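Report on the following structure.
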Amino acid sequence: MSQGSAGLAVKRVIVALDPAVEGDVEKLLGIARLACREGAGIKVGLPMLALGGSEAVSEAARLCSGGGLRVLDLKLADIGYVMRLAVESLARGFDAAIAHAFIGSEGALEELKGALEGMGVRLVLVLSMSHQGSAEVIDPCLDRLISVATRVRPWGVVAPATRPGVIARVRSAMPRTVIMSPGVGAQGGRPGDAICLGGADYEIVGRVVTRSPDPVSALRSVAGSIAERCPERLLPAST
Ligand code: O7M
């Protein structure tokens, strides 16, 4: 593995900042800076909102204002009007915000996409999830979810690192859409499965980095595994 491919690989790793208790919030905000400087960026969502409030959510985005992708993960699944209210108060300062594809375009995702575009924030849609229960309802509908996404034309989609075959199906249906894939490490996905086997652009990693006594080394180690497995895939990711 060359230094060059390790450097490219680390720019494919987004760190999920999910505090487990209130006392974690400050520590994770500290990791935000390093995840944006060293890695591809950060993802914050309901645990950060619940334990740190909207101030902590905004602060995470602010800490990354010098560079790095800032993804707000509320996994929205509501009517367009309510999702618009949520993003108008929480998504400022973020580059992208996540919603579920299953809610459909009319009256929901179209309105959300319009609201986000007005704020300069890109839409990311969840097409499949990393846990086993995704096989119960979501995955049997994957083709329909892809067709919703094809209509809505989000900037990015989410597909699971725990099932690279699902990512590969999404990649072949949506060749130019950014794919981000969670489930690496703590949920059993191997670093590199999503990018090397599935064709994802980014791997989302939470606990492996945030619970490590040495988050920088943990982030570099995930990136090192990706770089070793498929250096040829590591041209800079589209943003
Ligand atoms: O690496 P972990 O398991 O500690 O954290 C995984 C992160 O990815 C966590 O923030 C989850 O909310 C998120 N995630 C999943 O784990 N599975 C999914 O199917 C989808 C997501 C996600 O980010 O959706 C946008």
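The values are calculated or read from the model by the stated rules, or taken from the named source; none is laboratory data. Note that the coordinates shown come from a computational prediction; the quantities given were computed from them, not determined experimentally. Neighbour counts are summed over all protein chains in view; Cβ atoms, including those assigned to glycine, are modelled from backbone coordinates with ideal geometry. Heavy atoms of the whole protein, side chains included, go into the accessibility calculation; ligands, DNA and RNA do not. Shrake-Rupley method; radii C 1.70, N 1.55, O 1.52, S 1.80 Å.
Nonpolar atom fraction for segment 15-90, defined as the carbon and sulfur part of the 1.4 Å probe accessible area, stands at 53 percent. Under a point-charge model restricted to the Cβ atoms of Lys and Arg (+1) and Asp and Glu (-1), what is the dipole moment magnitude of segment 86-224 relative to its Cα centre, in debye to the nearest 20? Roughly 320 debye, rounded to the nearest 20.
Between segment 69-101 and segment 113-166, how many Å separate their Cα centres? First find each Cα centre; the distance between them is then 14 Å. Ranking MET119, GLY206, ILE146 by Cα position along the charge dipole of segment 86-239, where only Lys, Arg, Asp and Glu carry charges on their C-beta atoms, puts GLY206 farthest toward the positive end. The residue list LEU219, SER172, PHE102 was ranked by how far each Cα lies along the charge dipole of the chain toward its positive end, using unit charges on Cβ atoms, and SER172 comes out on top. Put LEU197, LEU123 in order of accessible area, highest first, and with a 1.4 Å probe you get LEU197, LEU123. Considering only LEU51, ALA161, SER2, the residue lying farthest towards the positive end of the dipole of the chain is SER2, judged by Cα position with unit charges set on Cβ. A 1.4 Å probe run over the chain, with the rest of the protein chains in place, finds 44 Å² accessible per residue.
Relative contact order of the chain: 21 percent, from C-alpha pairs under 8 Å at least 6 residues apart in sequence. Cysteines in the chain that lack a partner Cβ within the 4.7 Å cut-off: CYS141. Per-residue accessible area (protein heavy atoms, 1.4 Å probe) orders MET83, MET119 as MET119, MET83, starting from the largest. Of all aspartates and glutamates in the structure, those lying under 17 Å Cα to Cα from LYS43, and not within fewer than 8 positions of it along the same chain, are ASP18, ASP24, GLU26, GLU55, GLU59, ASP73, ASP95, ASP201, GLU203. For the chain, a crude dipole built from +1 on the beta carbon of Lys and Arg and -1 on the beta carbon of Asp and Glu, taken about the Cα centre, is about 600 debye to the nearest 20.
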